[in-house]
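A quick write-up on the structure given underneath.
The values are calculated or read from the model by the stated rules, or taken from the named source; none is laboratory data. All of these numbers come straight from a predicted model, not from anything done at the bench. Quick reminder, even Gly has a Cβ in these numbers, built from the backbone with ideal geometry, and neighbours come from all protein chains shown. Surface areas here come from the heavy atoms of the whole protein model, side chains and all, with no ligands, DNA or RNA. Shrake-Rupley method; radii C 1.70, N 1.55, O 1.52, S 1.80 Å.
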Amino acid sequence: MIFDRLAAALRANQPVALVTRIDGSRAGAKLLVFDEELWGDLGTPGLNIAAAGEARALLAVGETAMRTFGEDGEPVGVEVRLFIAAYAPKPSMYVFGAIDFSRAVARIGKYLGYGVTVIDARPVFATKARIPDADEVVVAWPDEWLERAPVDSRTALIILTHDVKFDIPLLQVALRTNAGYIGAMGSRRTHANRIEELKRVGVSDADLARISAPIGLDIGARTPEETAISIAAEIIALREQRGGGRLSEGSLPVHNARTPVNAP
Amino acid sequence: MKDVLETLERWRGEGLPIAVATVVGVEQSAPRDPGAMMAVNARGDVAGSVSGGCVESAVYDEAQDAIATGRPRLVTYGISDEDAISVGLTCGGTIHVFVERLDW
């Protein structure tokens, strides 16, 4: 059955899209689209092929959308409306430094639907017992680990080490990726020192501007939990290109018009 | 779908007839994005949501009807601010919801 295959793919965090015909006499017809395989039937072979192509394109950007086609999949047609639910794999959150704040950040990352990895060079601190919500806790040098880790535009890099000896090499590697969020914990003074160091090693102003530091939105967070919320809110606000102020004091629509989604 | 997956599997395991309602389109400002899903079974249990709680009771009725008849349908809630408030869509947006029996 389609549902069982879909459920198995979702459990395995495997990319899959479910296409549904939403009107006409064949409303409800389904096509399940994997990287290589198709299951189900929308009505005609041409429509299945066209829908599969569109579904794979949407999977690549993690977007769910409605599309219209002709009866046999003609791209200019309007007879058939298809709803394409794309289930892209979870985006990744990499948290560098296994401190109290990491535990709270890992927890909220998980809550938002990220696959969370915590990385710290110190085996005593980098344990699953200290950070139970992380999917993975890795003992490694942060910069070396990030060099080999998969990063895309949905990835959030959260640097909580606030120790120049880790931060500078790690930020250099981070800025070479296309990660959607690069945040670094530390006071304004700490960050001023980091900027000086990074400039010395040749990092451009444009790259420096990609670093969110001091990390988080300005909500007066004090505890690790509050700080985690401030960081999470900043990740969302940056993705949606919002300033992060109070809605009651603004005039923009509450939700942005849908654009390709980077959301989990 | 991911948030109701476990529930759907459990209901299927119990052999309960199920309908699912999926947000397939939104216009203007809407509380849930396309793909948001609410599931209903023949016993009357509900999981998930398609709005911020605004139109769930109307969708529930459609879902029970879909379970009974097997007939899928596309329903629209909202349109104007006044209409939105009358069905409870206080955000003022419009949402299109596809309701179908889960027999696939």
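Some notes on this structure:
- Taking the stretch A:97-118 as the range and being outside any loop (DSSP other than H, G, I, E, B), more than 14 Å from every other protein chain (Cβ to nearest Cβ) and not β-branched (Val, Ile, Thr) as the test, the residues that pass are A:Asp100, A:Phe101, A:Ser102, A:Arg103, A:Ala104, A:Ala106, A:Arg107, A:Gly109.
Each row is one residue, and each column tells you yes or no for (1) assigned to a loop (DSSP other than H, G, I, E, B); (2) crowded, with 22+ Cβ neighbours inside 10 Å; (3) under 19 Å from the mean Cα position of the chain (by Cα).
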site	(1), (2), (3)
A:Arg5	no, no, no
A:Val19	no, yes, no
A:Asp35	yes, no, no
A:Ala50	no, yes, no
A:Arg67	no, no, no
A:Val95	no, yes, yes
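- Qualifying residue in the stretch A:45-62 (condition: within 14 Å of chain B (Cβ to nearest Cβ) and modelled with pLDDT of 95 or more): yes
- The stretch A:97-118: number of residues that are under 29 Å from B:Met37 (Cα atoms), open to solvent by 10 Å² or more (accessible area, probe 1.4 Å) and hydrophobic (A, V, I, L, M, F, W, C): 3
- Residues that are more than 9 Å from chain A (Cβ to nearest Cβ) and either surrounded by fewer than 16 Cβ atoms within 10 Å (Cβ to Cβ) or of a type outside the set (Gly, Ala, Ser) (or both), drawn from the stretch B:7-22: B:Thr7, B:Arg10, B:Trp11, B:Gly13, B:Glu14, B:Gly15, B:Leu16, B:Pro17, B:Ile18, B:Val20
- Looking across the stretch A:158-211, the residues that are closer than 24 Å to A:Ala237 by Cβ, among the β-branched types (Val, Ile, Thr) and modelled with pLDDT under 95 come down to A:Thr161, A:Thr190.
- Among the residues examined, A:Ala86 does not qualify as surrounded by 21 or more Cβ atoms within 10 Å (Cβ to Cβ), more than 9 Å from chain B (Cβ to nearest Cβ) and touching a residue at least 24 places away in the same chain (Cβ under 8 Å).
- Index of the failed condition, A:Ala233 passing every other in (1) within 21 Å of A:Val105 (Cα to Cα); (2) open to solvent by 30 Å² or more (accessible area, probe 1.4 Å); (3) not in a helix (DSSP H, G or I): (3)
- The number of residues in the stretch A:9-39 that are farther than 24 Å from A:Gly70 by Cβ and at the interface with chain B (Cβ under 9 Å from one of its Cβ atoms) comes to 2.
- Only one of the listed residues (A:Ala213, A:Ala192) is of a type in the set (Gly, Ala, Ser) and within 23 Å of the chain's Cα centre (by Cα). That residue is A:Ala213.
- Some residue of the stretch A:51-65 being among the small types (Gly, Ala, Ser) and more than 30 Å from A:Ser153 (Cα to Cα): no
- Only one of the numbered conditions (1) crowded, with 23+ Cβ neighbours inside 10 Å; (2) within 12 Å of chain A (Cβ to nearest Cβ) is not met by B:Asp3, and that is (1).
- The residues of the stretch B:23-47 that are more than 10 Å from chain A (Cβ to nearest Cβ) and of a type in the set (D, E, K, R), listed by number, are B:Arg43, B:Asp45.
- Filter pass, A:Asp72 being in a helix (DSSP H, G or I), of a type in the set (D, E, K, R), open to solvent by 10 Å² or more (accessible area, probe 1.4 Å) and more than 14 Å from every other protein chain (Cβ to nearest Cβ): no
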